[in-house]
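Working notes for the structure below.
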Amino acid sequence: MKVNYQTTINTNAWRADFSLAEETLMRFYLGDRLMLNLEPVQINKQTEAQCLPKKARLHKKIDGLSISYNVSNLIPFGSEPKIEREFEFTDGFARVIQDINPGKRVAAEKLNIGNMSLPGPWSKIAVVRVPGAGKSFPELEWIELDAKAEKVLFNESYPFLAVILEAPDGKRFEIGCGDDLWRWGIASDLPDCSAEFKISGNEDSIEIVRIPLLFDTESKDAGEVERRTWRFKWYFAWSDAPALEMSSEREQITLDMADFIEEGEKHSCMHSMFSRKQVRQALRGIIANKENADIILTNTEAYICNKKNHLDRSTKKNFLHWDAWDLMELFIWAKRKALATGCTFRIMSPAKRNSETPLMRNFTHSGFQNICGE
């Protein structure tokens with residue numbers, strides 16, 4: 001089957017243009033505004049821009065709620081590295097899973113997940129560091145941007161949790177890690193390995209570098225680097241200036257996330273099998289017995305967690321994970337189930353917290369625009 005090198009996924013409000021085997025893998029537009037340029041992966045000294053696309057397939061849903069785009073690229077030189085991705089778009093955010101195989105008889109000594117540039121103008125930025133286990137997403141600390149010399153906003157060997165940008169017209173854009181914080185921070189657990197996560201720029205453009213693996217192979221005492229496939233998850237989200245939704249006379253059914261916390265725990269974690277199962281069972285029951293109702297899951301925050309029984313990683317030391325990814329999955333799953341009986345579904349943060357991030361703003365929306373792809 002012939003691979004389509006050009007693909008577009010869009011609604012009436014936004015679009016993502018993909019170009020395989022080029023210097024820019026994806027361009028994302030919100031309206032007419034270019035928000036993001038995503039560059040290819042770099043493995044050691046090879047770049048995905050030189051790839052031979054092996055697969056590019058769209059999986060469309062009849063209800064138009066989401067669409068997935070699966071891409072498999074082979075770099076046909078040297079060890080022949082292979083990069084596989086799954087992009088899943090819904091109206092307001094996209095989740096990305098990347099599997100990177102460095103190739104035959106070769107280890108990934110340096111792995112760049114794909115640099116990003118975000119063209120301005122931007123008025124302010126908030127960089128969120130990974131808080132400690134048991135902490136929720138913190139209040140944003142905004143930094144005002146100007147057109148002066150480029151400023152380094154973040155430069156660490158450990159990843160940022162998320163970065164949020166706001167444009168002068170109120171549009172916001174967010175980029176963050178997936179649930180797999182243990183993967184993003186794995187360099188600290190590996191011998192002779194470091195990492196680089198850097199955010200820099202000004203109001204005209206912001207540049208993001210993500211290098212989770214950077215092995216020191218020059219030292220005479222350096223050990224052999226493990227040959228394996230590496231997986232990393234991340235997401236991006238977007239929103240216009242917030243607008244109030246119209247009040248509804250429909251029946252409103254409220255669930256409280258506090259009712260689904262594991263016994264003995266102080267906070268919820270949707271990455272746990274217990275909480276995930278309990279929430280979905282409750283939603284199935286409501287949706288099956290109600291029609292044209294508005295269902296709201298309240299008091300919901302994304303938490304950092306390090307409970308080892310939430311992960312299948314019994315032989316490892318690092319169990320840090322973040323359940324924002326699981327809330328995205330729940331949001332899509334519940335909205336799809338609710339469509340069958342004319343219901344809607346929303347996720348609301350506690351009253352004391354405001355929904356400053358594009359992701360949390362989108363969780364509060366009951367409707368959505370149909371997504372197309374070609």
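The values are calculated or read from the model by the stated rules, or taken from the named source; none is laboratory data. This one's a predicted model, so the numbers in the text were calculated from it and none came from an experiment. Every residue, glycine as well, gets a Cβ built from its backbone with ideal geometry; the counts of neighbours run over all protein chains shown. We work out accessible area using only protein heavy atoms, side chains counted, and drop any ligands, DNA or RNA first. Shrake-Rupley method; radii C 1.70, N 1.55, O 1.52, S 1.80 Å.
Taking springs between alpha-carbon atoms closer than 10 angstrom, which of LEU74, LEU213, LEU165 fluctuates most in the Gaussian network model of the chain?
Between LEU74, LEU213, LEU165, it is LEU74 that shows the largest mean-square fluctuation.
Please sort by residue number the trypsin sites (Lys or Arg not before Pro) in the stretch 299-374 whose DSSP state is loop and whose Cβ has at most 13 other Cβ atoms within 10 Å.
Passing sites in the stretch 299-374 are ARG313, LYS316, LYS317, LYS352.
Tell me, what HN-Hα J-couplings in whole Hz come from the Karplus equation 6.51 cos²θ - 1.76 cosθ + 1.60 at θ = phi - 60° for each residue of the stretch 321-333, using x for Gly and Pro?
For the stretch 321-333, the Karplus-derived couplings read 9, 9, 8, 4, 4, 5, 5, 4, 4, 4, 4, 5, 4 Hz, x marking Gly and Pro.
Comparing ALA324, ALA258, ALA237, which has the greatest mean-square fluctuation in the GNM of the chain with Cα pairs linked when under 10 Å apart?
The residue that fluctuates most here is ALA258.
Just by accessible area at a 1.4 angstrom probe, what is the order of HIS271, HIS365 from largest to smallest?
HIS365, HIS271
Return the loop-located trypsin sites (Lys or Arg not before Pro) in the stretch 40-130 (DSSP other than H, G, I, E, B) with at most 12 other Cβ atoms within 10 Å of their own Cβ; answer none if there are none.
LYS45, LYS104, ARG105
Over the stretch 37-167, what is the mean sequence separation of C-alpha contacts under 8 Å (at least six apart), divided by residue count, expressed as relative contact order in percent?
21 percent
For the chain, taking Cα atoms only, what is the radius of gyration to one decimal and the Dmax to the nearest whole Å?
When restricted to Cα atoms, the chain yields Rg and Dmax of 20.9, 72 Å.
Full-extension gain between LYS266 and SER123, please, as 0.36 nm times their residue separation minus the C-alpha to C-alpha distance.
That works out to 47.8 nm of additional length.
List, in order, the whole-Hz ³J(HN,Hα) value for each residue of the stretch 136-152 obtained from phi through the Karplus relation with A = 6.51, B = -1.76, C = 1.60 and θ = phi - 60°; use x for Gly and Pro.
With coefficients 6.51, -1.76 and 1.60, one gets 9, 4, x, 4, 6, 10, 7, 10, 6, 9, 9, 8, 6, 4, 4, 10, 7 Hz.
May I ask for the angle, rounded to the nearest 10°, between helix 273-289 and the longest principal axis of the chain, with both axes built from Cα atoms and the value confined to 0 to 90°?
Tilt relative to the chain: about 40 degrees.
With unit charges on the beta carbon (Lys/Arg positive, Asp/Glu negative), name the residue among THR229, SER205, PHE154 whose Cα is farthest towards the positive pole of the charge dipole of the stretch 145-240.
The residue sitting farthest along the positive end of the dipole is THR229.
Sum -39500 (n - 2.57) across every DSSP H segment of at least 4 residues in the chain, then divide by the residue count to get the 222 nm mean residue ellipticity, nearest 500.
-3500 deg cm²/dmol
Could you go through the stretch 164-175 in sequence order and give the Karplus-derived ³J(HN,Hα) for each residue, using 6.51 cos²θ - 1.76 cosθ + 1.60 with θ = phi - 60°, rounded to whole Hz, and x for Gly and Pro?
10, 10, 10, 8, x, 8, x, 5, 10, 9, 10, 10
Taking the Cα centre of the chain as origin, work out the dipole magnitude from +1 charges on Lys and Arg Cβ and -1 charges on Asp and Glu Cβ, in debye rounded to 20.
1160 debye
Only Cα pairs under 8 Å and at least 6 apart count here; give the relative contact order of the chain as a rounded whole percent.
17 percent
So how exposed is TRP182, as accessible area in Å² (1.4 Å probe, rounded to 10)?
Surface open to solvent at TRP182 totals about 20 Å².
Can you tell which of ASN202, ASN362, ASN299 shows the greatest fluctuation in a Gaussian network model of the chain with Cα springs below 10 Å?
ASN299
Dipole of the stretch 1-76, Cα-centred, from +1 at each Lys and Arg C-beta and -1 at each Asp and Glu C-beta, to the nearest 20 debye?
300 debye
Using modelled backbone amide H atoms (1.01 Å from N, in-plane), which distant-in-sequence or interchain residues come within less than 5 Å of ILE253's amide H?
Residues meeting the amide H criterion: ASP294, ILE295, ILE296.
Just to confirm my numbers, what's the Cα centroid distance between the stretch 332-374 and the stretch 92-115 in Å?
Answer, in whole Å: 30.
When all protein chains stay in place, what accessible area (Å², nearest 10, 1.4 Å probe) is found for SER200?
10 Å²
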